[in-house]
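Encoded as structure tokens, the structure appears first; notes follow it.
The values are calculated or read from the model by the stated rules, or taken from the named source; none is laboratory data. Note that this is a predicted model, so its numbers are computed, not measured. Here Cβ is always computed from backbone atoms with ideal geometry, including for glycine, and neighbour counts include all displayed protein chains. All accessible areas refer to the heavy atoms of the entire protein, side chains included, with ligands and DNA or RNA removed. Shrake-Rupley method; radii C 1.70, N 1.55, O 1.52, S 1.80 Å.
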Amino acid sequence: MSTDQSPPVRALLRRCVLATSVLDDLDVDLDDDGVRLPGCTPLEWADLARAAGESPEEVARLRVSELLHAHVELHRDGARLVPLAVPAGADRHPESGWTHTVFLGGAMRLGMGVVVPRGLSERVLPVPVVSARVTGHASAVTAPDLARLEEIGALVVQRLLRDAGGRTDGLLRPVGGCDVPTLLASRTLREHLVAGPDRTPGNVLRAVAVPDRTRGWFDLARIDPAYVGAAWMASNPAERGFRRPVLVTREEVALAPTSPRLVEDVLAENQ
């Protein structure tokens with residue numbers, strides 16, 4: 001956790017806030033105490049410093065931007081909260097100030113997110129603890145949240161069964177406000193992926209490619225392994241998923257080994 005308020009850090013945070021204001025047309029007012037947004041409880045500079053952490057300016061700008069947008073959305077009537085899984089080490093993962101747990105397998109962190117409209121689409125941002133506290137929203141995942149995630153996972157399974165053999169066969173897309181990494185936190189979906197109707201009972205894992213949060217492929221026979229890393233690099237840091245395939249079991253989601261030979265062996269076993 002970093003709450004460093006030295007002049008260089010304060011200057012960096014101010015640049016991050018002003019960049020968000022200009023690029024996203026967000027009305028902000030800065031003073032010595034922090035940042036004020038219309039209709040919202042003020043944020044202190046320490047809150048922004050905790051989210052940014054000791055990261056490069058480009059990463060700090062992303063994290064500060066997401067904090068500001070999540071803070072504004074949580075102050076709106078009818079703010080919609082959903083579970084959110086963020087890949088471990090992702091630029092958009094706040095340094096601190098987001099309540100989360102390490103998902104089994106270590107590939108991602110699971111907490112709560114708030115759905116923020118973005119033009120004709122939407123994005124889900126981590127719920128800042130400070131914002132949840134002042135608006136009365138829950139900052140941690142609860143049993144009802146997990147139950148809802150399983151309902152969404154069951155819906156995804158129904159769609160996969162319906163689309164089997166079609167153009168979108170083997171493709172995962174966001175559903176119900178949950179992006180693809182978050183869908184993998186559903187045990188219902190994981191059980192289908194490793195032991196669905198087209199799988200033999202002996203299969204215990206499935207390799208899944210999720211280079212960005214809006215797309216995932218679990219039929220990797222037709223995908224060049226190098227494509228996953230290239231697609232990840234080409235994605236906007238705010239939209240990135242896993243930089244290499246993940247290995248999904250009934251219980252866990254783990255990054256595939258870095259050795260190309262090991263990855264090929266895993267993929268061959270799942271074809």
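Here are the numbers:
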{"item": "Anisotropy class of the range 83-241 from Cα gyration tensor, a/c 1.5 cut", "result": "prolate"}
{"item": "With DNA, RNA and ligands ignored, accessible area of residue 14 (1.4 Å probe; Å², nearest 10)", "result": "90"}
{"item": "Label-to-label distance, nm, for residues given as residue 10 and residue 223 (7 Å Cα→Cβ offset)", "result": "4.7"}
{"item": "Binned Cα-Cα distance frequencies in the range 69-165 - 10 Å width, integer %", "result": "15, 42, 33, 9, 1"}
{"item": "Segments 182-193, 24-35, 75-86 sorted - mean Cβ within 10 Å per residue, highest first", "result": "182-193, 75-86, 24-35"}
{"item": "Shape category assigned to the range 36-85 from the gyration tensor of Cα positions, a/c cut at 1.5", "result": "oblate"}
{"item": "Residues in the range 81-105 reached by a label modelled at residue 133 [backbone nitrogen below 18 Å; 7 Å Cα→Cβ]", "result": "94-100"}
{"item": "Most positive-pole-ward Cα, 34, 89, 49, against dipole of the range 1-140 from beta carbon charges", "result": "89"}
{"item": "Total charge dipole magnitude, the range 1-160, about the Cα centre, Cβ charges on Lys, Arg, Asp, Glu only, Debye to nearest 20", "result": "420"}
{"item": "Per-residue SASA entry for residue 40, accessible area with 1.4 Å probe, Å² rounded to 10", "result": "20"}
{"item": "J(HN,Hα) series, the range 69-82, from Karplus relation 6.51 cos²θ - 1.76 cosθ + 1.60, nearest Hz, glycine and proline x", "result": "5, 5, 4, 5, 5, 5, 8, 7, 5, x, 4, 9, 10, 9"}
{"item": "Pairwise FRET efficiency - residue 33 versus residue 250, Cβ, R0 = 30 Å, nearest 0.05", "result": "0.05"}
{"item": "Percent of C-alpha pairs per 10 Å bin, the range 1-116, short to long", "result": "14, 45, 33, 8, 0"}
{"item": "Solvent-accessible ranking of 243, 109, largest area first, probe 1.4 Å", "result": "243, 109"}
